[in-house]
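Only the coordinates and a few stated rules stand behind these numbers; no lab work does. The shown structure was predicted, so the numbers you read here are calculated from the model rather than taken from an experiment. Methodologically, a virtual Cβ is constructed for each residue, glycine included, from the backbone with ideal geometry; neighbour enumeration extends over all protein chains shown.
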Amino acid sequence: MPSLRDLYPIPDIDPVWTVPQDFDAAFDWNYDDGRRQMMHLYQKGKDMQWDAISRIDWEEELDPDNPMGLNDQLSGIYYTPIWAKMSAKEQGWARRNFQAWTISQFMQGEQAALICAAKIVQQVPDLDAKFYASTQVMDEARHVEAYKKLLEKFGVAYPMTKPLQTLVDQALRDSRWDMTYLAMQVVIEGLALAAFSNIRDVATNRLAQQVNAYVMQDESRHVAFGRLTLRDYYPQLTQKERDEREEFLVEACYHMRDRFEARETYEILGLPVEECVKAQNDSGYMKMFRTMLFQRIVPIVRDIGLWSDKIQAAYAEMGVLNFAETDYEQLVKTDNVRAEEMDEINKEKRRAYVADVAALGARGTMAAE
């Protein structure tokens, strides 16, 4: 089996990315019972562990010309002469690359979350937060595993985009433990949840639906972890410290909003990059998608107390301020329901398989007699 790096159509990608870091590892000698809500999250983190191999139906096949079964109208270049001039074979290869790029960024982000969660275990001062973060490390490893297996079925993969790499670099280099939370648990994970839900809800391939639904079930807990910790911590900050966090938050949100350009795919496909990017950014779907990305971030930002005029003005300019009234708990409930629905489908499929095998066995026995 080739490594996933061998599936990158972009040559000369370094096999390892190293980020120098300088922060203190904090030991908590109190060993107290911890915060009730945090320990509840920790228990949920233990209870909800799952196996990516056994829970997901990896026998489900992908259409090589449309792996996730997405509507072509969701492509930013569908309504352009560029798409119209492409042959059916070229369109199939383009779909596979576009979708592989998306899932690749999910996988790359999950590895970033894996490393950030491990950093949080070391760096956060409270033992109850260390306990929960340790369960997140396992979650993120499982997510990388699941997306890796999905990409192997695509037969093509892409490296991490520069905008995401920049934000991850900032999260890992910053010596303040809460900045890792803010970058990863709020911004990156919050945006990821919105992107995952988009695939879960619009894909028609069941394997793609499953992977994203199951990952979302975990990610909802991760965002709740960041929300709980930062909501307790940020009231203790000075105004200067709060201003620094808000400045970072505004920059990070703009940065991440503008990272879904997929320039690499247009280059690999030999298409006019700037023309394709412009058409994509001007498309109604992309404008709606970039707005919906903030559905989960905005209510969390308000809840943790970073809700100054500067933050609100930035979200108003992005057209996402209305998400402050989102019922976040209802979104989490929906995530859990969708994952459980996938489980029921899988159970029915397994039961049907066992019944078929049993019937074949019975017929074989009767034939032998």
If you build a Gaussian network model of the chain, linking Cα atoms that sit under 10 Å apart, which residue out of Glu110, Glu61, Glu261 swings the most? Glu61
Inter-probe distance in nm under a simple model that places probes 7 Å from Cα toward Cβ, at Asp232 and Glu344: 3.6 nm
Build a GNM of the chain with springs between Cα atoms under 10 Å: which of Gln99, Gln330, Gln209 gets the top mean-square fluctuation? Gln330
Cross-link pairs Lys162/Lys278; Lys44/Lys130; Lys119/Lys240; Lys130/Lys333; Lys46/Lys119; Lys162/Lys287 - those with Cα-Cα distance over 23 Å: Lys119/Lys240; Lys130/Lys333
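Within region 251-356, report the chymotrypsin sites (Phe, Trp or Tyr not before Pro) that DSSP leaves as loop and that have at most 15 other Cβ atoms within 10 Å.
Trp307
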Pop out the Kirkwood hydrodynamic radius of region 1-44 from its pairwise C-alpha distances, inverse of mean 1/r, in Å to one decimal. 15.8 Å
Using the count of nearby Cβ atoms within 10 Å as a rough guide to exposure, how do Phe154, Phe23 rank from fewest to most? Phe23, Phe154
For Thr166, Thr238, Thr180, ascending order of other Cβ atoms within 10 Å (fewest first) is Thr238, Thr166, Thr180
For region 71-193, restrict the atom set to alpha-carbon positions and state the Rg and Dmax in Å. 17.9, 59
Pop the C-beta distance of Thr291 and Asp243 into the FRET formula with R0 = 35 Å and round what comes out to the nearest 0.05. 0.85
If the convex hull is drawn through the Cα atoms of the chain, its volume per residue in Å³: 170 Å³
I'd like the Karplus ³J(HN,Hα) series for region 295-305: coefficients 6.51, -1.76, 1.60, θ = phi - 60°, whole numbers in Hz, and an x wherever there's a Gly or Pro. 4, 9, 6, 4, x, 5, 4, 5, 5, 7, x
Over all Cα pairs of region 105-255, the Kirkwood radius sets Rh, and Rg/Rh then becomes 0.98
In order over region 176-188: 3J(HN,Hα) from phi, Karplus 6.51/-1.76/1.60, θ = phi - 60°, whole Hz, x for each Gly or Pro, gives 8, 4, 5, 5, 5, 4, 4, 5, 8, 6, 9, 7, 5
Over region 1-120, consider all pairs of different Cα atoms and compute the Kirkwood hydrodynamic radius from their mean reciprocal separation; express it in Å, one decimal. 19.4 Å
Rank-order 72-85, 44-57, 191-204 by packing density, defined as the average count of other C-beta atoms within 10 Å over each peptide's residues, highest first. 191-204, 72-85, 44-57
Proxy reagent accessibility, fewest Cβ within 10 Å first, across Arg36, Arg290: Arg36, Arg290
In whole Hz, with x marking every Gly and Pro, tabulate ³J(HN,Hα) for region 232-237 from phi via Karplus 6.51 cos²θ - 1.76 cosθ + 1.60, θ = phi - 60°. 6, 8, 5, x, 7, 7
